[in-house]
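Trainee: Pasting a structure below so you can have a look.
The values are calculated or read from the model by the stated rules, or taken from the named source; none is laboratory data. In this text, all values refer to a predicted model and were calculated from it rather than measured experimentally. With ideal geometry, Cβ positions are generated from the backbone for all residues, glycine too; neighbour counts draw on all protein chains shown.
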Amino acid sequence: MIQNILDGSQADFEQLVKMYQPNVFRTAMGLLHNKEDAEEITQDVFLKVYDSLSSFNQRATLSTWIYRVTINTCLNFLKKKKGNRLLVGLSALLGLASKEKQCEKLVTDKEEKDSIRKAMQELPGKQRLAFVLTKYEELPQRQVAEIMQISEGAVEQLVIRARNNLRKKLEKIVG
Amino acid sequence: MKQKMNIDEMIDELIKEERNEEFNPFLATRVMAAVQERQYQKEKKINPAWKTVMVAAGITVAFFLGISIGSLYESESRNDGIMLSNDGAMENFGFYSQIGEE
């Protein structure tokens, strides 16, 4: 299939897109928590795949390579979005305001979810990646290790630490 | 403990919800359209330069091909002689040859 795409077969590339787009979209959702952004990233990822397929090193599997492209694209997207920190700050302020409501046990469903999303966004990079790939994509530890280029044991540790960090952060908010 | 369970459930519920988020069914079509557009833009970018180069190369090739084919031609120099003779005067040859013998 890869050779056909390199030879210019767009039908084969479309097949590849259809095959991997759910995985790319889910991973992007896990990292960005926004449907529109995740769709935009999915499109960008496949354009990058199309442009750089000739440089694909076949020592890794195609899916592993696509996951890496997805992660890098998401991280670059988040870097670019740094300008939107003001908005994050505002949402944090809103979070503080909503704490009063939380004290009154009036936490709405949306607020809860936003708090979890925020807690996930605040996880250290590697923990977040390991957590998203394991929980959103349900990938085996072996593949997560391959994607992140670390050992399987390290992946397990990262996921445990991510879960604990999330609990700590959310305990503070939920009270 | 109950709170721990509750937080874990909240996290899992959010993950489940985001995992099940449906993407635009035309996403693949959008991707393919973007790929084709990019391909077209690439070709468009490359074309003008290539056109000039190809036309110049074509003219050069045609010029040198013409010269080389032209110099392949050699006019044959024949040593055969042709004699145009008048039939009416043919008998004179015998006459002259007889005179020679005499």
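Trainee: Would you mind stating whether B:Thr60 is part of a helix (DSSP H, G or I), modelled with pLDDT of 85 or more, out of contact with any Cys (no Cβ under 6 Å at 6 or more places or on another chain) and over 30 Å from A:Asp12 (Cα atoms)?
Mentor: So B:Thr60 fits the description; yes.
Trainee: Taking B:Met5 as meeting all but one of (1) farther than 28 Å from A:Glu39 by Cβ; (2) at pLDDT 80 or above; (3) loosely packed, with under 10 Cβ neighbours inside 10 Å, write down the number of the exception.
Mentor: Checking B:Met5 against (1) farther than 28 Å from A:Glu39 by Cβ; (2) at pLDDT 80 or above; (3) loosely packed, with under 10 Cβ neighbours inside 10 Å, the one that fails is (2).
Trainee: How do the helices (runs of 4 or more DSSP H) wholly within the stretch A:103-175 filter down when requiring 3 or more residues that are over 21 Å from A:Val69 (Cβ atoms), modelled with pLDDT under 90 and in contact with a helix residue (DSSP H, G or I) (Cβ under 9 Å, 6 or more places away or on another chain): which remain?
Mentor: A:109-121, A:152-174
Trainee: Filter the stretch A:29-44 down to the residues that are assigned to a helix (DSSP H, G or I) and either farther than 10 Å from B:Glu21 by Cα or more than 7 Å from chain B (Cβ to nearest Cβ) (or both) and list them by number. If you could, list the steps in order and put the result at the bottom.
Mentor: Within the stretch A:29-44, the first condition is being assigned to a helix (DSSP H, G or I), and the residues that meet it are A:29-32, A:35-44.
Within the stretch A:29-44, A:Gly30, A:Leu31, A:Leu32, A:Glu36, A:Asp37, A:Ala38, A:Glu39, A:Glu40, A:Ile41, A:Thr42, A:Gln43, A:Asp44 meet the criteria.
Trainee: Let me ask something additional. Can you tell me which residue among A:Gln149, A:Gln121 is under 14 Å from the mean Cα position of the chain (by Cα) and surrounded by fewer than 20 Cβ atoms within 10 Å (Cβ to Cβ)?
Mentor: Just a single option satisfies the conditions, and that option is A:Gln121.
Trainee: Another question, then. Can you confirm whether A:Phe46 is among the aromatic types (Phe, Trp, Tyr), within 25 Å of A:Glu138 (Cα to Cα) and either modelled with pLDDT of 90 or more or crowded, with 21+ Cβ neighbours inside 10 Å (or both)?
Mentor: On the way: among the aromatic types (Phe, Trp, Tyr): yes; within 25 Å of A:Glu138 (Cα to Cα): yes; either modelled with pLDDT of 90 or more or crowded, with 21+ Cβ neighbours inside 10 Å (or both): yes.
Against the criterion (among the aromatic types (Phe, Trp, Tyr), within 25 Å of A:Glu138 (Cα to Cα) and either modelled with pLDDT of 90 or more or crowded, with 21+ Cβ neighbours inside 10 Å (or both)), A:Phe46 qualifies.
Trainee: Could you tell me how many of the residues in the stretch B:5-39 are under 26 Å from A:Gln121 (Cβ atoms) and aromatic (Phe, Trp, Tyr)? Before the answer, list the steps.
Mentor: From the stretch B:5-39, those under 26 Å from A:Gln121 (Cβ atoms) are B:5-24, B:27; that's our starting set.
Now drop any that are not aromatic (Phe, Trp, Tyr), which leaves B:23.
Of the residues in that region, 1 qualify.
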